[in-house]
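Encoded as structure tokens, the structure appears first; notes follow it.
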Amino acid sequence: MTSPFEELLPGTRRALLHRVATAQAEGRAPSLVGAVGRDGHTVWSGARSCVDGHEPDADTQYRIGSITKCFTAVLVLRLRDEGLLDLADPLEKHLPGTGVGEVTVAQLLSHGAGLAAETPAPWWERTPGTTRPGLADVLGERPLLHPAGRLHHYSNPGYTLLGSLVEAVRGASWEEVLRREILEPLSMRRTTVEPVAPAAGGWAVHPWADAILPEPSEDLGLMAPAGQLWSTADDLCRFGAFLAEGDDRVLSAASVREARTPATPPEGGEWDGGYGLGLQLVRHGGRTLVGHTGSLPGFVAALWVSVEDGLVAVSLANATSGPAVGAVAAELLGIVADAEPRIPEPWRPLPEVDQELLSLTGPWYWGAAPFVLRVTADRGLDFRPMRAAGRRSRFVAQPDGTWKGLDGYYAGETLRVVRRPDGGVSHLDLGSFVYTREPYEPGDAVPGGVDEQGWRGL
């Protein structure tokens, strides 16, 4: 719902409505809904329809297709966080007998398992799930097309396997686990596996004439974890806020951040996007967006999140093809971010200062290259080049007194504070790289030593 304290400016609202209206008209969609969320609330929604007086709203259900994969990925990450599986586990360990059991859970999540993109014929999106009663029917005789772990190759059957994995480990249906572990905690009451009124009907639009044709709506059966769900703009804004911040009732902020991190290299030269663990990543208008697009016969959908801007945008249409909802959602987000940028929280000093951490802050040198170490508000460390772009990473404290890299070049690497016999700090060891308080100071722990004559002129 829209909060009166977060009302967008009239000019921003008009620009958003104009974008939605243009997308519906130029994309020739029977209807199109757009919405923007900020800080967990839907702050704007708008729609256009070909039927006067029957415009949908942010509570109208549309089929969201592959956005469903984000939900399945969250269920798998919950299993990992509970210690019930490891992302490096082969599928066979938990779901034996598939014939592709050596691919890992992580490879399935990131579409790096080498599986085929689609099921064997007939087209699974337009046929009942009963056509494929078992996993063998989903995978076919040649399920693996590429060596596992070598490249990103999008696979719908891969998410059927992940849904079956969830069912095997939980001992309950994917639908039941989804409702209990995600939809209910996040109050997503209008997200369901079958449409619940008010819901849009799916249509195909003739490519060369302004004529429409109803599309079938099938229960996808085993393929449900890849694309079954129906949802609303309001519910997806709520889910987008979760993808930005996490929610300990569902998945921690650290695990959500992991899901947003690129997991496999993009195909070919397409370096403007990538894929994490169940989440697409794109660059648009200078921003990094995470989320997913989706399509099924009669519907296209998009959900994008800008963590930096604290914004979520959704675009939903009931046409098989035509409206570029992925671009529409990205542009809706950009309109708000540019016109009404996020107002930062006030700076506040830490409630208490750790003197030992404070003593580590300031400049450090890798050879002659200056770096700076800062303490973050969450008592972590931020380490970055002082003068130019380079290897920046954030670190979190570990129980043994070391620090673990969270992102960037040093993600997962260990930072150690090395002390002299008298207890004073000698240097920092970061993945075997030595950082000293002075550049090539004689007597410092510089690998290979320092020339005895020290710095000199030519």
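The values are calculated or read from the model by the stated rules, or taken from the named source; none is laboratory data. In this text, all values refer to a predicted model and were calculated from it rather than measured experimentally. Virtual Cβ from ideal backbone geometry, glycine too; neighbours counted across all protein chains shown.
What the table below lists for this structure:
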item	result
From the options ALA73, ALA88, residue that is at pLDDT 95 or above, surrounded by fewer than 23 Cβ atoms within 10 Å (Cβ to Cβ) and in the same structural domain as GLY221 (by TED's automatic domain parsing)	ALA88
Subset of region 322-375 that is part of a loop (DSSP other than H, G, I, E, B) and closer than 22 Å to VAL300 by Cα - its residue that is modelled with the highest pLDDT	ALA324
Total residues in region 278-323, condition within 14 Å of the chain's Cα centre (by Cα) and hydroxyl-bearing (Ser, Thr, Tyr)	3
Some residue of region 112-134 being in a loop (DSSP other than H, G, I, E, B) and touching a strand residue (DSSP E or B) at 6+ places or on another chain (Cβ under 7 Å)	yes
Tally, over region 306-326, of residues that are free of Cβ contacts under 8 Å to residues at least 40 places away in the same chain and either surrounded by fewer than 17 Cβ atoms within 10 Å (Cβ to Cβ) or farther than 28 Å from PRO56 by Cβ (or both)	1
Pick from region 61-70, criterion hydroxyl-bearing (Ser, Thr, Tyr) and in contact with a Leu (Cβ under 6 Å, 6 or more places away or on another chain), ranking: surrounded by the most Cβ atoms within 10 Å (Cβ to Cβ)	TYR62
Some residue of region 219-235 being β-branched (Val, Ile, Thr) and touching a helix residue (DSSP H, G or I) at 6+ places or on another chain (Cβ under 7 Å)	no
Output for region 5-64, where each listed residue is among the hydrophobic types (A, V, I, L, M, F, W, C) and assigned to a helix (DSSP H, G or I)	PHE5, ALA15, LEU16, LEU17, VAL20, ALA21, ALA23, ALA25
Residues located in region 221-256, provided they are assigned to a helix (DSSP H, G or I) and among the basic types (Lys, Arg)	ARG238
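Conditions (1) closer than 26 Å to ASP354 by Cα; (2) in the same structural domain as TYR365 (by TED's automatic domain parsing); (3) touching a residue at least 12 places away in the same chain (Cβ under 8 Å), marked per residue:
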| residue | (1), (2), (3) |
| --- | --- |
| PRO385 | yes, yes, yes |
| ASP407 | yes, yes, yes |
| VAL418 | yes, yes, yes |
| GLY423 | yes, yes, no |
| LEU428 | yes, yes, yes |
| GLU441 | no, no, no |
| GLY449 | no, no, no |
